[in-house]
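Heads up: the structure comes next, in structure tokens.
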Amino acid sequence: MSAYTISIVSIIGINVILAVSLNMISGFCGQISLGHGAFFGAGAYAAALAMFATANVPLAVVAGVIAGSLLGIIVGFASLRVRSDFLAVTTIGINFLFVGFVRKQSWLGGEMGISGIPPTGLGAAGNMVMILLMACATVALSLYVSRSWMGFAFRAVGEDEQAATTLGIGAGAYKLAAFGIGTALAGLAGALYTFFTQFITVDAFDFIFSVMLMAMVVIGGIGSTWGVVTAAVGLTLLPEAIRFVNDYRLLVFGGMLVLVIRLAPGGLAGLTRNLFDRVRQA
Amino acid sequence: MSAVLQLDDVAIRFGGVQAVGGVSCAVEAGDFVGLIGPNGAGKTTLIRIIAGLLRPDRGKVILGGIDVTGDPTSARVRCGLALTHQIVRPFREMTVLDNVVLAAGIGYTSEPLRALLHVSRRRESERAAAILASVGLAGTERKLAGALPLGQLKRLELARALAVSPKVVLLDEPLAGLNHTEASKQVETISEVHQRGITVVLVEHNLEEVMRICRRLIVLNNGIVIGDGEPREVMADPVVHDAYVGGGMVTHAEA
Ligand SMILES: Nc1ncnc2c1ncn2[C@@H]1O[C@H](COP(=O)(O)OP(=O)(O)O)[C@@H](O)[C@H]1O
Ligand SMILES: [Mg+2]
């Protein structure tokens, strides 16, 4: 495998974890978060600091997961206080706050970021394998949660919070759970990203990136794990394959997002389901 | 004390409207109470306060001897309360069966961690199907709830309320929008529920049905209790009678 292939596959793995985890918050539980990049970043910075302090990979992973979910649970508490349309705005704010805060912190490298992060010792191919294993585990967890009673309750909370509470489902607890799980996985992705690049700047975790993750979720089909995985892989490869897409990334993804919402709100998953139904009926 | 539900000077105000103006009453276990009154009397508001969907400005809500005034709705439901919404609120994107299965799974969903650790829905599905059959919705299981007509959605509301295994059910106009046959079937179901020992509080406009099945009547007008007792005696009270004639009780539109 060429170094280029290894790096692309690694990024695909990381994006799959990010998109699938965002889908748990926004797709399963209906809590629109446009700040997923902040939790990703919190995990990356925490893992970087942990690598400098201990050079211990499992410890750095744990640090990333904890940092992501800690920030996530704080935002989750905010989600209990605000209506869901305000939540989108709140999470955008969190993302800008995160980037603005990190930029001014010399202990986090400020504008320059953190470079020379100690390697994992697994090599680029070893890192890639670790990332792919974690991505598979994330997909498996997502599929499991979706089938469990938790996924069932998430759907209820996402569709009608008040109706859910009248069936004994504590909407607040479930929203916190969704944020806790989703952002812990974003923190995990952050740690893996740190291992992968050994050099992080805060620009990698900005609002634009969060919007791209949301585009993956929406284009894949809100709530569908496999749809979102497909979109994450496709949308990561597209800019690599087509120069134009890379140059006009925001325009292309923004345009696709709008088109999907207008024409096929079920995303790729919805389109496949329709096709399937039509074939079966024919 | 055998009161399963007790209200102590409950009041709430919306802007200039005193929707509920200090209601006190106690409902005994196993009773069948009709809550009636003209449109805008505050019946739905009172039900929503009991369920915890609205927080009263003052007063207490006591369920099974425990003060739940500060508790969220989900906690009250876990204590044995269930309600049907006057304006139906099914999960439209779920199947009819799933709507009821979800309610029947209250033992799992009451705690996120327990919900995460359980997958099988077999027992709940069987129970849900039986409950759907008991309210006359057999055959609709696989339809999306959003595709049902209002008459069936009203029955789905009742099915979901029963699936949480309540001790007390608050039914907010469960007959409104049903045709005559559907309504008598629904009344029959509600009577059966009561015979199983579940306490029923029924908000209903159809006086004939109310007089026939309720053992006690509470009459609300302008957010205040103006009559409470044995149905025939209450209806004979001139104060109640005046509220009726003056209050547009005769006509009634959904919502
Ligand atoms: N959310 C609300 N905001 C403002 N006013 C309300 C609200 N809910 C109910 N009301 C008012 O409170 C009064 C009681 O309403 P309601 O409880 O729905 O009566 P009922 O169910 O007996 O017909 C009415 O005057 C109604 O307009
Ligand atoms: Mg009403």
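Would you confirm whether any residue within the range A:39-52 is hydrophobic (A, V, I, L, M, F, W, C) and outside any helix (DSSP H, G or I)?
For the range A:39-52, residues hydrophobic (A, V, I, L, M, F, W, C) and outside any helix (DSSP H, G or I): absent.
Starting from residues that are open to solvent by 30 Å² or more (accessible area, probe 1.4 Å) and touching a residue at least 24 places away in the same chain (Cβ under 8 Å), keep the ones in the range B:164-185 and report whichever is nearest to ligand 2 (Cβ to nearest atom).
Within the range B:164-185, the match that is nearest to ligand 2 (Cβ to nearest atom) is B:GLY177.
Return the residue satisfying two criteria in turn: it lies in the range B:48-66 and is open to solvent by less than 20 Å² (accessible area, probe 1.4 Å) and within 16 Å of ligand 2 (Cβ to nearest atom), and of such residues it is nearest to the other protein chains (Cβ to nearest Cβ).
Across the range B:48-66, the extreme among qualifying residues is B:ALA51.
Inspect all residues belonging to the range A:180-193 and state whether any of them is more than 27 Å from A:VAL129 (Cα to Cα), aromatic (Phe, Trp, Tyr), touching a residue at least 40 places away in the same chain (Cβ under 8 Å) and touching a helix residue (DSSP H, G or I) at 6+ places or on another chain (Cβ under 7 Å).
Within the range A:180-193, not a single residue is more than 27 Å from A:VAL129 (Cα to Cα), aromatic (Phe, Trp, Tyr), touching a residue at least 40 places away in the same chain (Cβ under 8 Å) and touching a helix residue (DSSP H, G or I) at 6+ places or on another chain (Cβ under 7 Å).
Considering only the range B:215-248, state which residues are surrounded by fewer than 20 Cβ atoms within 10 Å (Cβ to Cβ), among the aliphatic types (A, V, I, L, M) and away from ligand 1 (no atom under 16 Å from the Cβ).
B:MET235, B:ALA236, B:VAL239, B:VAL245
Restricting the range B:87-99 to residues that are open to solvent by 30 Å² or more (accessible area, probe 1.4 Å) and either within 10 Å of another protein chain (Cβ to nearest Cβ) or free of Cβ contacts under 8 Å to residues at least 40 places away in the same chain (or both), which is farthest from ligand 1 (Cβ to nearest atom)?
The residue in question is B:ASP98.
Could you list, in sequence order, the residues of the range B:166-214 that are more than 16 Å from ligand 1 (Cβ to nearest atom), within 14 Å of chain A (Cβ to nearest Cβ) and aliphatic (A, V, I, L, M)?
Passing the criteria: B:VAL168, B:VAL169.
Within the range B:214-234, which residues are closer than 20 Å to B:ILE190 by Cα, among the charged types (D, E, K, R) and in a strand (DSSP E or B)?
The one that is closer than 20 Å to B:ILE190 by Cα, among the charged types (D, E, K, R) and in a strand (DSSP E or B): B:ARG216.
Could you identify the single residue in B:GLU141, B:GLU188 that is free of Cβ contacts under 8 Å to residues at least 12 places away in the same chain and either farther than 22 Å from B:GLY80 by Cβ or open to solvent by 30 Å² or more (accessible area, probe 1.4 Å) (or both)?
After ruling out the rest, the residue left standing is B:GLU188.
So which residues in the range A:29-44 are at pLDDT 95 or above and open to solvent by 10 Å² or more (accessible area, probe 1.4 Å), if there are any at all?
The one that is at pLDDT 95 or above and open to solvent by 10 Å² or more (accessible area, probe 1.4 Å): A:ALA42.
Name, by its number, the condition in (1) within 8 Å of chain A (Cβ to nearest Cβ); (2) open to solvent by 10 Å² or more (accessible area, probe 1.4 Å) that does not hold for B:LEU102.
Here B:LEU102 meets the rest and fails (2).
Could you figure out which of (1) among the aliphatic types (A, V, I, L, M); (2) touching a residue at least 40 places away in the same chain (Cβ under 8 Å); (3) within 13 Å of ligand 1 (Cβ to nearest atom) isn't true of B:VAL4?
B:VAL4 satisfies every listed condition except (3).
Do we have any residue at all in the range B:124-139 that's among the aliphatic types (A, V, I, L, M) and touching an Asp or Glu at 6+ places or on another chain (Cβ under 7 Å)?
yes
What is the residue count in the range B:105-114 for residues that are modelled with pLDDT under 95 and at the interface with chain A (Cβ under 7 Å from one of its Cβ atoms)?
The qualifying residues number 1.
Can we say A:VAL61 is within 26 Å of B:LEU116 (Cα to Cα), open to solvent by 20 Å² or more (accessible area, probe 1.4 Å) and touching a Gly at 6+ places or on another chain (Cβ under 6 Å)?
Spelling it out, it is not the case that A:VAL61 is within 26 Å of B:LEU116 (Cα to Cα), open to solvent by 20 Å² or more (accessible area, probe 1.4 Å) and touching a Gly at 6+ places or on another chain (Cβ under 6 Å).
Take the conditions of a type outside the set (D, E, K, R), assigned to a helix (DSSP H, G or I) and in contact (Cβ under 8 Å) with a residue 24 or more places away in the chain and apply them to A:GLY76. Does it pass?
yes
Quick grid of which residues meet (1) out of contact with any Ser or Thr (no Cβ under 6 Å at 6 or more places or on another chain); (2) at the interface with another protein chain (Cβ under 10 Å from one of its Cβ atoms); (3) modelled with pLDDT under 95:
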| position | (1), (2), (3) |
| --- | --- |
| A:PRO118 | yes, no, no |
| A:VAL145 | yes, yes, no |
| A:MET150 | yes, yes, no |
| A:ALA178 | yes, yes, no |
| A:ILE181 | yes, yes, no |
| A:LEU185 | no, no, no |
| A:LEU188 | yes, no, no |
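Condition first: aliphatic (A, V, I, L, M) and in contact with a helix residue (DSSP H, G or I) (Cβ under 9 Å, 6 or more places away or on another chain). Now tell me which residues in the range A:260-270 satisfy that.
The answer is A:VAL260, A:ILE261, A:ALA264, A:LEU268, A:ALA269.
If I ask for residues that are surrounded by fewer than 17 Cβ atoms within 10 Å (Cβ to Cβ) and in a loop (DSSP other than H, G, I, E, B), which ones from the range B:125-138 would you list?
Of everything in the range B:125-138, just one residue is surrounded by fewer than 17 Cβ atoms within 10 Å (Cβ to Cβ) and in a loop (DSSP other than H, G, I, E, B), namely B:ALA138.
Under 7 Å by Cβ, and 6 or more places apart or on different chains, what pairs join a residue from the range A:1-25 that is open to solvent by 40 Å² or more (accessible area, probe 1.4 Å) with one that is outside any loop (DSSP other than H, G, I, E, B)?
A:MET1/A:ALA125; A:ALA3/A:ALA124; A:ILE11/A:THR236
For A:ILE169, state whether it is touching a helix residue (DSSP H, G or I) at 6+ places or on another chain (Cβ under 6 Å) and away from every other protein chain (no Cβ under 14 Å).
No; evaluated as a whole, the condition is false for this residue.
Examine the range B:27-38 for a residue that is within 15 Å of ligand 2 (Cβ to nearest atom), open to solvent by 30 Å² or more (accessible area, probe 1.4 Å) and charged (D, E, K, R), and state whether such a residue exists.
No, there is no match, as no residue in the range B:27-38 is within 15 Å of ligand 2 (Cβ to nearest atom), open to solvent by 30 Å² or more (accessible area, probe 1.4 Å) and charged (D, E, K, R).
With respect to the numbered conditions (1) more than 14 Å from chain A (Cβ to nearest Cβ); (2) open to solvent by 60 Å² or more (accessible area, probe 1.4 Å); (3) under 30 Å from B:LEU178 (Cα atoms), which one is the sole condition not fulfilled by B:GLY15?
Every condition holds for B:GLY15 apart from (3).
Among the listed residues B:THR45, B:THR69, B:THR84, identify the single one that is open to solvent by 20 Å² or more (accessible area, probe 1.4 Å) and within 16 Å of ligand 2 (Cβ to nearest atom).
B:THR45
The values are calculated or read from the model by the stated rules, or taken from the named source; none is laboratory data. As the structure is a prediction and not an experimental result, all values here were calculated from the model. Please note: Cβ atoms are built from the backbone with ideal geometry, for glycine as well, and neighbour counts cover all protein chains shown. Quick note on the areas: whole protein, heavy atoms, side chains included, nothing else; ligands and nucleic acids left out. Shrake-Rupley method; radii C 1.70, N 1.55, O 1.52, S 1.80 Å.
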